[in-house]
Amino acid sequence: MRHEEILQAIYDPANRANPYPLFAELRRVPVSWQEGGPSSEGTFVVSTYREIDAILHDPRISSDLRKGEHTAALSGPPPNAFIQLDAPEHDRLRRLTMRHFGPPDRPNYVGQLVPQIQRVTRALVDDLEGERRFDLVARVSYSLPVALICAILGVPRDDQAKFHVWADTMARTAGRLTPEPRAEFNAANVAMREYLGGLVELRRRTPSDDLLSRMANEGGPDGRMNEPDLLATMTLLLVAGHETTTNLIANGMLTLLRHPEALARLRREPKLVVGTVEEVLRYDPPVQLLTNRTPLTDVTVGDVTIPKGVLVTLALAAGSRDPARFREPDRFVPDREDNAHFGFGSGTHYCFGAPLARLEAQIALTELVQRLDRPRLVVDPPPYREGPLLRGPRELFIEVDEVR
Ligand code: HEM
C-alpha cells in the first residue's frame, strides 16, 4: 500500500475491527498527505503525539471549516454548534452552556449525579438476571448514556425511538464531506433541531429542573442564547452525550474480556477502575479521528508546511499509541502512570462532557465486573458500527454463568 492510501484503508469497514497496525504505519510520517478520507479531495493527516498536541493548541488552526476551502461541501443548517466555532464565539457559547450544565448553586453538579448513574446502571444489570447470553451494547452500554443525557437535558426518554435514528445517522456521517453522507448528516441535523424546537417551546411554557429549561429561560453575564444557537447546542449535547460514551463502555468491556488478568484484578481492586477507564481512552478510544480542522494561514509542523484552507485530520488514536510518548503503547496497562492521552482531545475544544463520561464508564464497568460471573465473548472480534471516527462495536454478545 502506498503511504497516501493508509487513511482510505482506515476508513474501509474491513479494517474497523483493528485499525491499529494502520495507525502505526501512518505514524512513520508525522504529517502526511492522504487521499480520500473525509473528503474526495484528500486531507493532511497528523499522526504523532507531539505534532497533534501542537495543532490542538495552535490558534492559527480553526475548527470552523467554513473558513477553509470546503465551504461548498458544508452547506447545512446554520448556525454551527460551538464544537465547530472558533474564539470568541466558541468561548461565549461554551461558557453559557457550562453555566447551566453545572448551575451556579450546585458547583459539583456532575459529582452529584453518582447516585442516579448507579441507580440506572443497577436497574439495567438487574434486568439481565436469569439470562446467560445478551448483547451488552443494546442492554447496557447504549441505554445508560441515553438515559443520563436525556435526564440532564430534559429530553423525554420515551422519545428515544425518534431521536435515536437521527443521532445514529449523525454519528455515522460525522466529519464526512462527500455529498451523500453530508446530505444524510444535514437531514438528521434538521430533524433533530425541529424536534428539540418543540421541546424548547414546551419548557418555555412549563419550565422544569433541567438544562433545556434553564438554557431557554435564564440569562447570565453573557446574556441568553438565541433560539438557533440553543438548538444547535442541544443537538450537539444530545449526540455527543451518548454516542461516544456507548463506545467507551463497550470498548472497555471488550478490552477487559481480552485481558482476563486485568478483569480479575479489577474485580479484586475496584479502585483500579479510574485508571482502567483512562487506559481504555488511550488504548481503544471512542473518538479515533478529528476531521474538523483547517489552518487560517500556512502553518509549518515539523518539516511540513500545511497550506491555508486545506482539510487537516488529527489521528488521535495514533497519537495516543505513539511510542515516542508512551512506554509500550500497544500494551493495555490499567495502572499506567503518566497517561495524558487524547481520548477527550486537548486545548480549547477539550471535551465538555469528560467528567460525566468518565463517571458513567467507571460506574458501568464496576457494576459489570462485579456482577457478571465468568463473562466471555461470544464473537471476537465483534461486528463494528460503520463510522471510522466514532468507533465501537455494533453488538457485543457476552455469555455468563450467572448475573448476580
Ligand atoms: C468535544 C470525546 C463524551 C460533549 C470532544 C472532543 C473529543 C470528545 C475528542 C474534542 C473535539 C474537538 O477537538 O474538535 C468524547 C468522548 C466521550 C465524550 C470519548 C465519551 C467517552 C461527551 C459527553 C458530552 C460531550 C457525555 C456531553 C455531555 C462534548 C462537547 C464537545 C466535545 C459539547 C465540544 C467542546 C468544544 O468545542 O469546546 N469530545 N466526548 N462529550 N464533547 Fe465529548
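When you look at D53, is it surrounded by fewer than 15 Cβ atoms within 10 Å (Cβ to Cβ) and either out of contact with any Ser or Thr (no Cβ under 7 Å at 6 or more places or on another chain) or touching a residue at least 60 places away in the same chain (Cβ under 8 Å) (or both), yes or no? Spelling it out, it is not the case that D53 is surrounded by fewer than 15 Cβ atoms within 10 Å (Cβ to Cβ) and either out of contact with any Ser or Thr (no Cβ under 7 Å at 6 or more places or on another chain) or touching a residue at least 60 places away in the same chain (Cβ under 8 Å) (or both). Selection of helices (runs of 4 or more DSSP H) fully inside the stretch 1-77 by the criterion of at least 2 residues being of a type in the set (F, W, Y) and within 21 Å of the chain's Cα centre (by Cα) returns 20-27. Where helices (runs of 4 or more DSSP H) sit wholly within the stretch 116-228, those with at least 3 residues that are surrounded by fewer than 20 Cβ atoms within 10 Å (Cβ to Cβ) and more than 16 Å from the ligand (Cβ to nearest atom) occupy 160-173, 179-205.
Quick check: anything in the stretch 66-76 surrounded by fewer than 21 Cβ atoms within 10 Å (Cβ to Cβ), within 16 Å of the ligand (Cβ to nearest atom) and of a type in the set (D, E)? No, the conditions are met nowhere in the stretch 66-76. Report yes if L93 is within 16 Å of the ligand (Cβ to nearest atom) and either in contact (Cβ under 8 Å) with a residue 12 or more places away in the chain or under 22 Å from F352 (Cα atoms) (or both), otherwise no. In short, yes. Give R267, R258 a once-over and let me know the one that is out of contact with any Leu (no Cβ under 7 Å at 6 or more places or on another chain), in contact (Cβ under 8 Å) with a residue 24 or more places away in the chain, under 23 Å from F326 (Cα atoms) and surrounded by fewer than 22 Cβ atoms within 10 Å (Cβ to Cβ). Residue meeting the stated conditions: R258. For the stretch 88-115, a tally of residues being in a loop (DSSP other than H, G, I, E, B) and either over 22 Å from the mean Cα position of the chain (by Cα) or among the polar types (S, T, N, Q) (or both) returns 7. Pairing each residue of the stretch 366-385 that is within 17 Å of D126 (Cα to Cα) and touching a residue at least 40 places away in the same chain (Cβ under 8 Å) with any residue that is surrounded by fewer than 20 Cβ atoms within 10 Å (Cβ to Cβ) and of a type outside the set (V, I, T), provided the two are 6+ apart or on different chains, yields C-beta distances under 6 Å for T366/P270; V369/R267; R371/R404. Being modelled with pLDDT of 95 or more, on the phi > 0 side of the Ramachandran plot and of a type outside the set (F, W, Y) is true for just one of R374, R293, R358. Which residue is that? The conditions single out R374.
As a summary of the residue check, L96 satisfies the conditions (1) buried (at least 21 other Cβ atoms within 10 Å of the Cβ); (2) under 30 Å from R28 (Cβ atoms); (3) of a type outside the set (D, E, K, R); (4) out of contact with any helix residue (DSSP H, G or I) (no Cβ under 7 Å at 6 or more places or on another chain) except for the one numbered (2).
On the basis of being modelled with pLDDT under 95, touching a Lys or Arg at 6+ places or on another chain (Cβ under 7 Å) and more than 11 Å from the ligand (Cβ to nearest atom), does G275 make the cut? It would help to see each step written out before you state the result.
On the way: modelled with pLDDT under 95: no; touching a Lys or Arg at 6+ places or on another chain (Cβ under 7 Å): yes; more than 11 Å from the ligand (Cβ to nearest atom): yes.
No; evaluated as a whole, the condition is false for this residue.
The set of residues from the stretch 1-26 being touching a Pro at 6+ places or on another chain (Cβ under 9 Å) and of a type in the set (D, E, K, R) comprises D12, R16.
Residues in the stretch 34-62 that are over 15 Å from S320 (Cβ atoms), touching a His at 6+ places or on another chain (Cβ under 9 Å) and at pLDDT 95 or above: 1 in all. Within the span defined as the stretch 326-333, every residue fails to be within 16 Å of the ligand (Cβ to nearest atom) and on the phi > 0 side of the Ramachandran plot. Filtering the stretch 231-257 to residues that are within 14 Å of I83 (Cα to Cα) and among the hydrophobic types (A, V, I, L, M, F, W, C) leaves L231, A232, M234, L236, L237, L238, V239, A240. When T300 is tested against (1) away from the ligand (no atom under 13 Å from the Cβ); (2) of a type outside the set (F, W, Y); (3) out of contact with any strand residue (DSSP E or B) (no Cβ under 8 Å at 6 or more places or on another chain), exactly one condition is not met: (3).
The values are calculated or read from the model by the stated rules, or taken from the named source; none is laboratory data. Just so we're clear, the structure is a prediction, and the values are computed from it rather than from any experiment. Here the Cβ is made from the backbone with ideal geometry for all residues, glycine too, and neighbour counts use every protein chain on show.
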